[in-house]
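Everything on this sheet refers to the single structure shown next.
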């Protein structure tokens with residue numbers, strides 16, 4: 001049976017599903033039976049599909065779901081304890097205040113359902129990043145979030161003056177309208193039941209992701225965990 005149009009299976013074991021979620025697909029709808037999670041449960045004809053993390057509607061790429069309660073507990077705890085490495089790609093058409101580094105701060109509610117980054121650091125959202133020039137006026141960002149707050153990466157890039165291209169909430173309107181929101185769940189590395197898993201998934205859609213300059217850069221980023229990521233400051237590490 002072929003996969004539905006909203007996702008493609010990347011890897012499946014007895015314990016988990018690793019999917020390529022398509023851009024523009026809602027993960028969990030407001031009404032019963034809506035969204036990717038409901039579609040998956042119907043497709044597999046079982047309620048035993050457990051979300052271990054989520055992706056925003058505009059975000060494409062790797063999505064990890066558990067198939068058993070035991071795997072769900074193990075993977076959810078691993079995310080909570082920052083033992084699952086996550087890497088994302090984003091493109092912005094605005095110049096960042098800095099081209100690499102650390103973005104950290106508490107996430108605060110703003111108007112109309114938006115979030116904003118605070119200078120406080122009680123329960124901070126923590127993101128490291130590198131960026132690279134694709135073409136005049138466009139940069140590719142490789143993002144390594146250490147936490148999983150709502151809208152974290154979108155707000156982080158907005159805070160340095162480079163919101164995600166095509167982000168309907170945090171990017172100022174631009175014409176012509178981009179063909180998608182340019183945020184992609186690119187790589188995951190984790191351990192489950194004594195086995196190690198590493199998966200990298202380049203974006204399957206997006207005119208800007210397919211530009212020659214971007215594709216050339218992705219050829220150098222096939223093992224993002226091997227880049228020289230600085231050690232987090234002690235105050236931001238888990239005890």
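Couple of notes before you dig in:
- Mean Cβ neighbour count within 10 Å, used as a protection proxy, ranking 55-67, 142-154 highest first: 55-67, 142-154
- Considering only 119, 41, 180, the mean-square fluctuation computed in a Gaussian network model of the chain, springs between alpha carbons under 10 angstrom, is largest for 119.
- Taking Cα atoms only, the orientation of helix 69-80 departs from the longest principal axis of the chain by about 20 degrees.
- Both radii are taken from the alpha-carbon atoms of region 7-226; with Rh as the Kirkwood radius, Rg/Rh is 0.95.
- Highest-MSF residue in the chain out of 210, 226, 72 [GNM, Cα springs under 10 Å]: 226
- Gaussian network model of the chain, Cα within-10 Å springs - most flexible of 194, 219, 181: 194
Each value in this text was obtained by applying a stated rule to the coordinates, not by laboratory testing. A quick note: this is a predicted structure, and the numbers were derived from the prediction, not measured. Glycine also receives a Cβ, built like all others from the backbone with ideal geometry; neighbour counts cover every protein chain displayed.
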